[in-house]
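Asker: First the structure, then my questions, so here it is.
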Amino acid sequence: MKRIFALAGLVASAGLAVAVPPSGIMNYQGRLSDGGSNANGSYNLVFRFYSTAAGGTEICNTSKPATPVSGGVFTTALGPSVTDGPSTGVYTNLSDVFIAFPTLYVQVEVNGTPITPRSRIDAAPHAINADRANSLGDTSIVSGSTWTVEGLGSSLTIAGDSLDLQLGDSTADTTMLQGTLQMSPNTFAEIDQRIYFYNGGSATGESILWDDSDDRFELTNALALSGPITVGSVTAGSTEVFSRFGSGTPTSAGMNNVGDVYVTDDFECASTILVQGNMMFHSQEGEQDGVIFFREDGSDTGENFRWDDSVDRFVFSDGIHVQGNVTIEDPDGFSDIQSSGGITIRIDTDNNESGPNAGTFSLVANAAEIFGTPLLRMQSTDEANLELDSGVTTNAFDFAEAFRPVPGQMDMEPGDVVALAVGGENKEHVERSTQPGQAMLLGVVSTKPAFTCGMGISAVQNSDADLANLQEEMYYAGDQWGFNAVGGMLQARVKQEWRPIAMLGRVPCKVDTTYGIIRAGD
């Protein structure tokens, strides 16, 4: 005889489900009739879950054999373990089923007989996850939704090992924080901490790093600030004065300590650095050379201005041009201007001079000797006169005039007695004296004249026009070495062409004692 069952199912309320939320168990209560009367006894029940009211593929099932029924009423617990059904996906836990399917229907079998229709499971069973989100899986939040954590001392904790937390899906998304962001709070040991910025396809690209070992912040790339960098600390209730970078407003405070701003590598400034006060090189370190470099020919270590500690002096790697006065004071009482090549003061008085010495007044120390070894030469392209308020003191004894030896007597030497040479091409020429009481007797070739007239820079340049032109070309080409070398050739040429002839004073003279003893006044 075929038996007819009828079932009225009632899923337990949400309040009952919440009583044991971690278990993932749903309480199910129903009324069973057998042949039109309330059922009594034990019945084998099977609960099959579907996502549709009819048809479809079974998601999972759970069996409850020998379920007691009294007066038609039974109560049983479904879950947490279930048997996976033939549908897509694997479901062995009832909690996962409720997460994956927002709408569920249960098909009950009584002693192998399916009871229809299927009963819909309303929202109450989903309360098994109401107090936790660790098993929600993929969850969508309705646009415009707001999650609020309220109450004094409230906290929202997202925990996990190797946790990846993504906020937003596009560059238009914004994360706002009203409060304090703590990296590795006090529940963790102090460690290095980073904020990464995507770079070159890497999620661990550029970063802002707190370097715990060195107690400092580090940036993996350049830093651009639209406001000032403030050095110092703010104390509540007090007025602090700081040194700032980039504010455009100078302050009265000084950066007096190494710790104010400490740069261990290059410091680059594309604009102007203004210093109101002292700039110290190698502060609080041992005395050493200090160098300011100026870029030259693509090199950052080109021309330079430096303090040379080994010889206690400032050194310039190239010439120096001063628009103004130069004042020299020396603590030892001796103020020196020292130059191995001499000192030139450029005074272009009439703006129309040309040549390597145009518009200059030069003091040449240790100049190449022409007649003797002069210690100082003064020269001017404006043919300036020398005016003194007092006399000139010298160790030399004679006054001389420059003359050329006649051809064939280029070996004429100091001490030779000479006479004026006349006739032919002999102009400003002298020849050795060859007879007593010779007419046109002039003087003696000087060994070390105190004064020589008829000789100057023009005589040097006129001694060889080709060499003078070559020296001028080297001057305009900036070839100082070549200029000096050609100058030495010109001076050697002058020594060949000219002789200082002493006419007054005491001068060493060659004598011949074969004619008798020489006496004073001879």
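Read-outs throughout are calculated quantities, based only on the coordinates presented, and are distinct from any laboratory measurement. As the structure is a computational prediction, the values presented were derived from the model and not from experiment. Cβ: placed from backbone, ideal geometry, glycine included. Neighbour counts: every protein chain shown.
Asker: Tabulate in residue order the Karplus-calculated ³J(HN,Hα) for the range 294-310, using 6.51 cos²θ - 1.76 cosθ + 1.60 with θ = phi - 60°, rounded to whole Hz; enter x for Gly and Pro.
Answerer: So the Karplus estimates, Gly and Pro as x, are 10, 4, 8, 6, x, 10, 6, 10, x, 4, 8, 10, 9, 9, 8, 5, 5 Hz.
Asker: Once the Cβ-Cβ distance between E329 and A485 is put in as r, and R0 is 25 Å, what FRET efficiency do you end up with, to the nearest 0.05?
Answerer: Given R0 = 25 Å and the Cβ-Cβ separation, E is 0.10.
Asker: Would you mind putting 268-277, 46-55 in packing order, based on average other-beta-carbon counts within 10 Å, highest first? Don't skip to the end; give the middle numbers.
Answerer: Numbers: 268-277: 6.9, 46-55: 16.0.
Result, highest mean first: 46-55, 268-277.
Asker: Further, regarding this structure: Just going by the charge dipole of the range 23-116, with Lys and Arg at +1 and Asp and Glu at -1 on Cβ, which of S63, V110, S33 is farthest out on the positive end?
Answerer: Among S63, V110, S33, the one farthest towards the positive end of the dipole of the range 23-116 is S33.
Asker: Gain in length, K427 to N40, computed as 0.36 nm per residue apart minus the alpha-carbon separation, to one decimal in nm? List each step's numbers first, then the result.
Answerer: Working: separation 387, 0.36 × 387 = 139.32 nm, distance 16.06 nm.
In short, 123.3 nm is gained.
Asker: Show me, for the range 478-488, the HN-Hα J-couplings you get by feeding each phi into the Karplus relation (A = 6.51, B = -1.76, C = 1.60, θ = phi - 60°), rounded to Hz, glycine and proline as x.
Answerer: Whole-Hz 3J(HN,Hα) from phi for the range 478-488: x, 8, 5, 5, x, 4, 5, 5, 5, x, x.
Asker: Between M176 and F294, how many nm apart are label points set 7 Å from Cα along the C-beta direction?
Answerer: 5.5
Asker: Using θ = phi - 60° and the Karplus relation 6.51 cos²θ - 1.76 cosθ + 1.60, list the HN-Hα couplings for the range 404-417 in order, rounded to whole Hz, with x at every Gly or Pro.
Answerer: 3J(HN,Hα) across the range 404-417, in whole Hz: 9, x, 5, x, x, 10, 6, 8, 4, 9, x, x, 5, 7.
Asker: Right, another one. Mind checking the full-extension length gain between A224 and L167? Use 0.36 nm per residue of separation minus the Cα-Cα distance, one decimal, nm.
Answerer: 17.9 nm
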